[in-house]
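So the structure is just underneath, and the comments pick up after that.
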Amino acid sequence: MFIQLTTAGLALLQSGPFVLTGAKFGSAYDYVPDPAQTDINGAQVYYSVPGPAFPVNGNVVRYSVLMDRSVGDFDFGEIGFFAGATLVAVAVNSSLIHKGKTVTGVDGNMIRVDAFLSMVGTTYEMWLNLGDTDNKYVVASADLVDYLPPVHDTEANAFIVGSVADDMLAFFAYSDRSGIWAFDQYKYSTVIGHRYNVVAASAMQVTIAGADLAAQLDPEGPGARILQFTTGACYSICRNIQQALEDEVNDQCVLIFNTPLAVVPAVGDEFLVYNRDPLSTTTINIPIANRNDPGIVRIGDGLEVEPDGLIYVNRETIPNGLVYSIIGKDTDGNPVSLQGDVVLHIRDIVGGVASVNGQVPDANGNVTISTSYTLPVASPTVLGGVRISPGSGLTIDPGTGQLSIEASGQEGVKTINGRSPDGAGNAQILGLIDPQDITTATDFNTVRWPGIYNVEQGAIAGSSNLPVLHVPTERATLEVAPLDAADPESAIMQRWTQANATAWRFISGTTYGAWFNPALGSQIIATTTRLGSVKVGAGLNIAIDGTLSSKVLTVGGVSPDGTGNIEVDASTINAIPYPEKGAQGGVATLDAAPDPDSHDPVDEFVYGRIPYDQLALRALAYKADWDASTNSAVYTDDFGTVHTLELLDNGRFNDTYDEGGGTPSTVELPGLGSVFYTGVPGSTTLDGVSNWAVGDLVIGLTGKWIKVSSVSAVPVQELQFGISIPNEVTPSSVLFFQVVADTLTTDNTKGHRASARIAPTTEVVFEIQVDGVQVGTVTFDNSTTGVVDFPVPVSMSPSSEILILSPADVSTLYGLAIYLTFDIGV
């Protein structure tokens, strides 16, 4: 029977082997189980409860169902195994199985069903051992030899085992319930009874010593080799060998299985290997013979086969016949067929050496020369002896016989171009020898060997490092002359000559000088596409050494001075003069962070803004709606980044944002100038205020949040305002603030501040008036920091005006900024 784990069964196995609570026998058969099944396909014909799970070993458990002779009669072809109400496995047979019970005159049969569950890592597998234990005509079967139980743990002592390959026949595995399994279609693969020792193992393979064993144990196909353990925890367990791999580095052989082992063998365990009988297959699959193993062969040229299988050599079919003997004869003079190594002597060769200088060979074929031997005289067609003529420049070494040329004196070179060598064998050559032709594009920096070169017209196009005034439509001559006779390649001169152009340059080592082109009667005029001669026009200067430079006439209407330099100011180039930046009537500046390149989020938020001392009043900007119950406000900036704000005491807030990196960032920033609209009421406490209604405004001033109530009866609690006069202060009265509350009192602890960019030269006192009455002063005394003095609280009524009165002597006070903080109460 074929058994299949269901999807639900696999899910239960994640927490260990399941407990079977029922086995349902059904009437359906001959179908492929579906892992998605939740019940058997046929009608139930019998129901039983399997015995408890029996641990065969650490990785395999067995579930058993025994039906004795009292059970029956019914036919079944499927079994569903249940864990509670969950179908965990389905077993299906190809035909119906009959279960009969014993009645009067008829013996029933006994059937035992063993279901094995293997759990190796995350690999789960089940197989069945079903045997009709008392029917002599029915033999238990196993789909693969891999599924055979251990010999000591089986009810049936004989199994019909299915083959891995379709073209192989099934075979018998049998035992007397002791020892190991025997197979009727397999024999030992090497020597009878040879056992292999495990040197390493895993669930899917074992390793043995000897890399050369891979060629012997590698199966020719599926099912060709079977392995059976003979010692250890896996005793009598069998596996089909899928592949044998050679490990030359470690001199080992690795045997790979089809199915995993539940228990990994230990090092030192032994096993046998069986080879399948080549005739136990539906097709002929006999291995081909080699030098080590017998097998089948094909008959080639020169061989014949007798009807009884005898292979012999047919000499008549071999081209030119077969050698019988080499100069071998018996006592009757008949040829003798020599075997083994044949030693051939010259005396055995008929027609060998006849004589040498009249001497004939002896019995051993040796010739002894007792007289001198004279070689024939050499000729253009005959090898022979030669003699050296005196003065020829040739010598022969008497010890080695080597022939060489002696170049000293006049015995070497005779003449070169008609000039004979001097007493030392040197020949003086005058003039250029062997001009070379340059016919293809060339880099003339590489032409350094002394001589004369004919440059073809076609080679000029595409060449590099040519003279500037070369004529591309004419042939040229290039002369390369050395400047140092001792080292002709270190310093050379190149001279270029054409009918309408000539130039030369000097080269020293790897340094190439510029080409010098002397004046010609007809100059080549330069164009936008051709190098040539030019004249210096307006706006250009040429120095005595030929350096060409531009000559600027004017810049913004300003002419150069005597040195050719032009100085311009801001008005010349329509720029803003520096004194106008940050001055009255000028333009505002932007402040800079201490380190402009730091890219600190705090610096980027605080700096790069118009300084407050250049603003007439503090600038306020709406940020977002604020939820006073959760203390949060959300807005999206111009770059699409979402910011979540949490307001803090002291006029500050936390800004949390994510620029795409996956991890949000939070920075603490000042809330100065930020305005929030209360969209959701709440009781969040900010700088002492905890009652917020819809429509209230939260305004950030220096170091404090203030509330502007949407209800007129509730006044603001604190306001902070400043006045900035960017540059020189003129005597005037400046409106500072118009009171809108019932009363206003001042408190020196609120951090009043006054500052200037440049300190006055004498003491300067500003009066602070409320409705024309002086209530305080701001004094600068040779310092850029002024002292704000409010000696007593000041009460004001609605529509009261605060004035800052500047004196007449403040012409030297630049960048004035005065900031006051007020508490306002009803």
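Check region 511-534 and report whether any residue there is modelled with pLDDT of 80 or more, in contact with an Asp or Glu (Cβ under 9 Å, 6 or more places away or on another chain) and under 20 Å from Ile452 (Cβ atoms). No, there is no match, as no residue in region 511-534 is modelled with pLDDT of 80 or more, in contact with an Asp or Glu (Cβ under 9 Å, 6 or more places away or on another chain) and under 20 Å from Ile452 (Cβ atoms). Please go through region 49-61 and pick out each residue that is more than 51 Å from the chain's Cα centre (by Cα) and open to solvent by less than 20 Å² (accessible area, probe 1.4 Å). Pro50, the sole residue that qualifies. Restricting the first member to region 164-175 and to residues that are β-branched (Val, Ile, Thr), and the second to residues that are assigned to a strand (DSSP E or B) and at pLDDT 85 or above, the beta-carbon pairs closer than 9 Å and six or more apart or on different chains are Val164/Asn240; Val164/Gln242.
The set of residues from region 422-451 being of a type in the set (Val, Ile, Thr) and at pLDDT below 90 comprises Ile429, Ile433, Thr446, Val447. Across region 1-37, the number of residues qualifying as part of a loop (DSSP other than H, G, I, E, B), touching a strand residue (DSSP E or B) at 6+ places or on another chain (Cβ under 7 Å) and open to solvent by 40 Å² or more (accessible area, probe 1.4 Å) comes to 8. Scan region 62-94 for residues that are open to solvent by 20 Å² or more (accessible area, probe 1.4 Å) and closer than 22 Å to Pro150 by Cβ and the total you get is 3.
Keeping to region 244-271, report how many residues are in contact with a strand residue (DSSP E or B) (Cβ under 6 Å, 6 or more places away or on another chain), of a type in the set (Val, Ile, Thr) and open to solvent by less than 40 Å² (accessible area, probe 1.4 Å). Count: 2. Restricting attention to region 299-309 and to residues that are in contact with a strand residue (DSSP E or B) (Cβ under 9 Å, 6 or more places away or on another chain) and either modelled with pLDDT under 75 or in a loop (DSSP other than H, G, I, E, B) (or both), the residue that is least open to solvent (accessible area, probe 1.4 Å) turns out to be Gly302. Taking the listed residues Leu344, Leu383, the one that is in a loop (DSSP other than H, G, I, E, B) and modelled with pLDDT under 65 is Leu344, with no other qualifying.
Whenever a residue of region 565-590 is more than 20 Å from Ile758 (Cα to Cα), its partners that are of a type in the set (Phe, Trp, Tyr), lying with C-beta atoms within less than 8 angstrom and at least six residues away or across chains, give the pairs Ala570/Tyr578. Inside region 544-568, residues that are modelled with pLDDT of 75 or more, closer than 21 Å to Ala514 by Cβ and either open to solvent by less than 50 Å² (accessible area, probe 1.4 Å) or polar (S, T, N, Q) (or both) make up a count of 2. Given the criteria more than 53 Å from the chain's Cα centre (by Cα) and open to solvent by 30 Å² or more (accessible area, probe 1.4 Å), does Asn500 qualify? Yes. Taken over region 455-497, residues that are among the polar types (S, T, N, Q), more than 20 Å from Pro518 (Cβ to Cβ) and open to solvent by less than 40 Å² (accessible area, probe 1.4 Å) amount to 2.
Filtering region 660-696 to residues that are of a type in the set (Val, Ile, Thr) and either touching a helix residue (DSSP H, G or I) at 6+ places or on another chain (Cβ under 7 Å) or open to solvent by 30 Å² or more (accessible area, probe 1.4 Å) (or both) leaves Thr663, Thr666, Val667, Val680, Thr685, Val694.
Here is a yes/no grid of residues against (1) in a strand (DSSP E or B); (2) in contact (Cβ under 8 Å) with a residue 40 or more places away in the chain; (3) closer than 29 Å to Gln14 by Cβ; (4) aliphatic (A, V, I, L, M):
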{"residue": "Pro50", "(1), (2), (3), (4)": "no, yes, yes, no"}
{"residue": "Val65", "(1), (2), (3), (4)": "yes, yes, yes, yes"}
{"residue": "Ser70", "(1), (2), (3), (4)": "no, no, no, no"}
{"residue": "Phe76", "(1), (2), (3), (4)": "yes, yes, no, no"}
{"residue": "Gly80", "(1), (2), (3), (4)": "yes, yes, yes, no"}
{"residue": "Leu87", "(1), (2), (3), (4)": "yes, yes, yes, yes"}
{"residue": "Ser94", "(1), (2), (3), (4)": "yes, yes, no, no"}
{"residue": "Ile97", "(1), (2), (3), (4)": "yes, no, no, yes"}
{"residue": "Lys101", "(1), (2), (3), (4)": "no, no, no, no"}
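Taking region 38-48 as the range and being more than 50 Å from the chain's Cα centre (by Cα) and open to solvent by 80 Å² or more (accessible area, probe 1.4 Å) as the test, the residues that pass are Asn41, Gln44, Tyr47.
The values are calculated or read from the model by the stated rules, or taken from the named source; none is laboratory data. Predicted model, so just to flag it, every value in this text is computed and none were measured. Positions of Cβ are generated from backbone atoms using ideal geometry, with glycine treated the same way; all protein chains shown enter the neighbour counts. Quick note on the areas: whole protein, heavy atoms, side chains included, nothing else; ligands and nucleic acids left out. Shrake-Rupley method; radii C 1.70, N 1.55, O 1.52, S 1.80 Å.
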